[in-house]
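Engineer: What follows is a single structure, and I will ask about it in a moment.
The values are calculated or read from the model by the stated rules, or taken from the named source; none is laboratory data. On a predicted model such as this, the values are computed, not experimentally measured, just so you know. Because the Cβ atoms are built from the backbone with ideal geometry, glycine has one as well, and the counts that use them run over all protein chains shown. Side chains are part of the model used for accessible areas, which takes the heavy atoms of the whole protein and leaves out ligands, DNA and RNA. Shrake-Rupley method; radii C 1.70, N 1.55, O 1.52, S 1.80 Å.
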Amino acid sequence: HHGYSPRSLLHRYVTAYKISHLARAVESQIQSYIDRLNIRDLVDTLQDQQQQQQQQVKVLVEFRQRLSQGFDLEFQDLVLRAKVFTLLECMLFENSSSERVKEEAAMTIAALVKFNKNVFVGLVLMGPTIKALIAMASGCSVRVLSSLIRFIRSPLVDEILCSGEIPKIVGFLRSRDL
C-alpha cells in the first residue's frame, strides 16, 4: 500500500485503463483516416497517366509497406471498394506503364495475396494476372509468379497448366539470360 488506500489504487487503475482504451480508439481512428488518404492518393496516382514513374513507384511501395503491417478488415474494405486490385492488374497490361511500374504492381499483387489469401486468391485466379506476369518475362515477374505459387499452391498450378503456360516457364529456365 505504501500509504495509499485500496480505493485510491483502484481509482488509479481504472483511470489508467480508460486512458489506454481511449488512446487505442484515437490511434485506430487516426490510422483509418491515414489509410483513406493513402488509398485515395494511390488510386489517383495510378489512374493519372501523366504521373511520373517515380511517383507511381513511391505510392506502390508505401502501399506494400502498409500491407506488410498485417491484416486489418477496415483497410481491406477500403482496398476492395477502391478496386485497387483491378487497377494493379490493369497496370500490368498498359503499354504506357514502364517496366519498373509493372514490376512494382506485380509485387503489390503478391503482397495483397499474402495480406489475405481468402479474398485475393480468387481475383488472381479469375483475372489475367498470371498471363500478364508470364508475358512480362522479367526476373521480377518470375519471382512474383513463384511467390504466388507458394501462397496459392495447387489451384494456381492447375490454372497455369490449363492455359498452356508451362512451356513458356520452362523456356525461362533454359534461357541464357539470367
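Engineer: Taking the Cα centre as origin and putting +1 on Lys and Arg beta-carbons and -1 on Asp and Glu beta-carbons, what dipole magnitude results for the stretch 66-178, to the nearest 20 debye? Intermediate values should be presented prior to the final figure.
Structural biologist: On the way: 14 positive and 12 negative charges, 58 e Å.
Dipole about the Cα centre, nearest 20: 280 debye.
Engineer: I'd like the Kirkwood hydrodynamic radius of the stretch 12-53, using the inverse of the mean 1/r over distinct C-alpha pairs, in Å.
Structural biologist: Working: mean 1/r = 0.0786 Å⁻¹.
Hydrodynamic radius (Kirkwood, Cα pairs) of the stretch 12-53 is 12.7 Å.
Engineer: Under a Cβ-Cβ cut-off of 14 Å, what is the net charge of the residues other than Q29 that fall near it, where Lys and Arg count +1 and Asp and Glu count -1? If you can, show how the numbers build up before the last one.
Structural biologist: Values: positive: R24, R36; negative: E27, D35, D72, E74.
Net charge in that neighbourhood comes out at -2.
Engineer: Going toward the positive end of the dipole of the stretch 66-178, with +1 on Lys and Arg Cβ and -1 on Asp and Glu Cβ, which of S97, M126, I152 do you reach last?
Structural biologist: I152
Engineer: To continue, here is another question. When the accessible area of the stretch 61-178 is split by element with a 1.4 Å probe, what percent falls to carbon and sulfur? Write out the running numbers ahead of the final one.
Structural biologist: Numbers: 3630 of 6560 Å².
The nonpolar share, carbon plus sulfur, comes to 55 percent.
Engineer: Between the stretch 131-178 and the stretch 15-83, what's the alpha-carbon centroid distance in Å?
Structural biologist: Each part's Cα centre sits 30 Å from the other's.
Engineer: Rolling a 1.4 angstrom probe over the protein heavy atoms, how many square angstrom per residue are accessible across the chain?
Structural biologist: Numbers: 11460 Å² over 178 residues.
On a per-residue basis, the chain sits at 64 Å².
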